[in-house]
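Scroll down for the structure; my scribbles are underneath it.
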Amino acid sequence: MSASQAEPAPAEFRRPRMIRFSDCDPAGIVFYPQYFVMLNGLVEDWVSQGLGIDYHALISQRRVGLPTVRLEADFRAVSRMGDQVSLGLSVERLGSRSISLVLRCFEPAGGELRMQLKQVLVTTSLESHRAVEIPEDLRAAILRVSPPSSA
């Protein structure tokens, strides 16, 4: 596999995505902050559809937040308006109060990596705004559906 391609994790959650006009800058390529918006949507889909936990209820009723505390991004190749890409999410590490993710945008047919993001989420109480233990149902779903690639 070339340096511009990345090997997917075995339990990668994937969603197709078309690059839209609103994703792009005047040069006609994805404006880099838009990747963060796309990948945040992927995290929400992963929780709701991949893990089977209602993301809206987690936030609004259970008052558990998943704020980002660390981001590390690598941009490898451009994506242009109209491109069909795939977004992928895998769990790198599951802590007691944090989840380390690897998210990527890639060309689905050949696997060309467009960008990759390492993200750390922390479970917090939306009442106290302090870190809390990952809820048991969320932890169990992650271990069942998206087991971490490292301890």
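No value in this document is a laboratory result; all are computed from the given coordinates. These numbers were taken from a predicted model, which means no experiment stands behind them. Here the Cβ positions follow ideal geometry from the backbone for every residue, glycine too, while neighbour counts run over all protein chains shown.
When the helices of the chain are scored as -39500 (n - 2.57) per DSSP H run of n ≥ 4 and the total is divided over every residue, the value at 222 nm lands at -6000 deg cm²/dmol.
For ALA140 and PHE36, FRET efficiency with R0 = 22 Å and r from the beta-carbon atoms, rounded to 0.05? It would help to have the intermediate numbers written out before the result.
Working: r = 28 Å, r/R0 = 1.28.
Working from the Cβ atoms, E equals 0.20.
Would you kindly state how much longer the chain becomes between SER98 and ARG80 on full extension, computed as 0.36 nm times their sequence separation minus their alpha carbon distance, in nm to one decimal? Spell out each step's value before the answer.
On the way: separation 18, 0.36 × 18 = 6.48 nm, distance 3.35 nm.
Gain in length upon complete extension: 3.1 nm.
Annotation: for a label point projected 7 angstrom from Cα along Cα→Cβ of ARG15, residues of region 45-59 with backbone N closer than 14 Å are 45-56.
Across all C-alpha atoms in the chain, the radius of gyration and Dmax reach 15.7, 46 Å.
Taking the longest Cα principal axis of the chain as reference, the axis of helix 32-45 is set at about 50 degrees.
If we count GluC sites (Glu not before Pro) as exposed when they sit in a DSSP loop and have at most 14 other beta carbons within 10 Å, what is the longest stretch of the chain that avoids them all?
Details: sites that count: GLU127, GLU133.
The longest uninterrupted stretch comes out as 1-126.
Summarised as an ellipsoid, region 19-68 has semi-axes of 28, 11, 8 Å, derived from the eigenvalues of the Cα gyration tensor scaled by 5 and square-rooted, with the largest first.
Sort 143-149, 33-39, 115-121 for me by packing, meaning the mean count of neighbouring Cβ atoms within 10 Å per residue, highest on top.
Values: 143-149: 15.0, 33-39: 17.4, 115-121: 19.1.
Packing proxy ranking, top to bottom: 115-121, 33-39, 143-149.
Phi-derived couplings, Karplus 6.51 cos²θ - 1.76 cosθ + 1.60 at θ = phi - 60°, listed residue by residue for region 127-135: 8, 9, 6, 10, 4, 10, 4, 4, x Hz, with x used for Gly and Pro.
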